[in-house]
Amino acid sequence: MTNNNMYFVANWKMYGNLSSINSIKSVKIFNQSKKLKNIKIIYCPPFTLLRPLVKKLKNSKISVGAQNCHHNSDFGPFTGSVNAKMVKSVGCKYIILGHSENRHNGETDKIINLKIKSALKENLKVIFCIGETLKEKRNRKTRIILRKQIMSGLKNMTKLNNIIIAYEPVWSIGSGKIPKSKELNKAIEYIKSLTIKKNKLKNNKVLYGGSVNPKNIKNLSKIGSIDGFLIGGASQKSKNFIDIIKKTIN
Ligand code: 13P
């Protein structure tokens, strides 16, 4: 693994307010180090913080992304919703789609497919989340689920250039549990084989997400197939986030 060429995506979920974005200052300074030249840091705060964060990170290499969008790419009567066009218009470059917390609330593969298409139309880079539940894992269905989520989510898509896949086993999110290294490597290799087959693309990036923290990152970063990390809880404290990056590249 070329550890100096990795993605570190902070998913703040439904946490944070205007004052939280001040804490990113240390990450902004840290990111100026030459050692981090090829590292890509992306912050995905709640919708309310997107614009202030884009402003705060002006003149830095750190990008901002949203955590979701409505599947309708046009404006319309959808109270409480935000579409990809709106996300793009405030200066975001990335968007997380298909997160299991949204799948859990009824988001289907079909809806995710529409969302991905609408985001790509706006030239957003998509961080497309997939992963099996504990029950599916116990029933040895992991591969079937990953395949289904990829094939349905990316249905009728010919270009995967702007898609980064994030493998997030549902059972590892927020639980402190992570997959065994061998198991994780196999899952990532499998995901890569599927997307390569589908689009004849070689360099599709696959991230890992689920309970990544400063304690387990050293082991996780030894797994050669992983191209970066999607980090929830541990990304909210800049010190932890910086620690994770440092331990990965060192
Ligand atoms: P945690 O790092 O809090 O387990 O969350 C992972 C996640 O869901 C990132 O999208």
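The values are calculated or read from the model by the stated rules, or taken from the named source; none is laboratory data. Because the structure is a prediction, the values reported are computed rather than measured. Methodologically, a virtual Cβ is constructed for each residue, glycine included, from the backbone with ideal geometry; neighbour enumeration extends over all protein chains shown.
A search for C-beta distances below 9 Å between a residue of the range 158-171 that is near the ligand (Cβ under 10 Å from one of its atoms) and any residue that is in a loop (DSSP other than H, G, I, E, B) and at pLDDT below 95, counting only pairs 6+ apart in sequence or on different chains, returns nothing.
Against the condition among the small types (Gly, Ala, Ser), surrounded by fewer than 22 Cβ atoms within 10 Å (Cβ to Cβ), at pLDDT below 95 and in a helix (DSSP H, G or I), how does SER193 come out, does it pass? Yes.
A single member of GLU132, GLU136 is acidic (Asp, Glu), more than 18 Å from the chain's Cα centre (by Cα) and either buried (at least 17 other Cβ atoms within 10 Å of the Cβ) or assigned to a helix (DSSP H, G or I) (or both), and it is GLU136. Any residue in the range 10-21 that is within 16 Å of the ligand (Cβ to nearest atom), more than 16 Å from LYS239 (Cβ to Cβ), in contact (Cβ under 8 Å) with a residue 24 or more places away in the chain and among the basic types (Lys, Arg)? Looking through the range 10-21, at least one residue is within 16 Å of the ligand (Cβ to nearest atom), more than 16 Å from LYS239 (Cβ to Cβ), in contact (Cβ under 8 Å) with a residue 24 or more places away in the chain and among the basic types (Lys, Arg).
Of all residues in the range 146-186, those satisfying the criterion of being surrounded by 18 or more Cβ atoms within 10 Å (Cβ to Cβ), outside any loop (DSSP other than H, G, I, E, B) and among the aliphatic types (A, V, I, L, M) are LEU146, ILE150, ILE163, ILE164, ILE165, ALA166, VAL170, LEU184.
Counting the residues of the range 69-82 that are under 20 Å from PRO52 (Cα atoms) and crowded, with 20+ Cβ neighbours inside 10 Å gives 1. In the range 219-226, the condition of being under 14 Å from the mean Cα position of the chain (by Cα) and modelled with pLDDT of 95 or more is met by at least one residue.
Any chance the range 95-108 includes a residue that's under 22 Å from SER238 (Cβ atoms), at pLDDT 95 or above and assigned to a strand (DSSP E or B)? Looking for residues that are under 22 Å from SER238 (Cβ atoms), at pLDDT 95 or above and assigned to a strand (DSSP E or B), one finds at least one in the range 95-108, hence yes. Does ASN240 satisfy being closer than 17 Å to GLU168 by Cα, within 14 Å of the ligand (Cβ to nearest atom) and either surrounded by fewer than 18 Cβ atoms within 10 Å (Cβ to Cβ) or not small (Gly, Ala, Ser) (or both)? For ASN240, the condition - closer than 17 Å to GLU168 by Cα, within 14 Å of the ligand (Cβ to nearest atom) and either surrounded by fewer than 18 Cβ atoms within 10 Å (Cβ to Cβ) or not small (Gly, Ala, Ser) (or both) - is not met.
Looking at PRO52, PRO45, just one residue is in contact with a Leu (Cβ under 7 Å, 6 or more places away or on another chain) and more than 16 Å from the ligand (Cβ to nearest atom), and that residue is PRO52.
Of all residues in the range 225-241, those that are in contact (Cβ under 8 Å) with a residue 24 or more places away in the chain have Cβ atoms under 6 Å from Cβ atoms of residues that are among the β-branched types (Val, Ile, Thr) and near the ligand (Cβ under 9 Å from one of its atoms), 6 or more apart or on another chain, in PHE229/VAL212; LEU230/VAL9; ILE231/VAL212.
The selection criterion, being over 14 Å from the mean Cα position of the chain (by Cα), within 15 Å of ASN162 (Cα to Cα), away from the ligand (no atom under 15 Å from the Cβ) and surrounded by fewer than 20 Cβ atoms within 10 Å (Cβ to Cβ), does not hold for LYS85.
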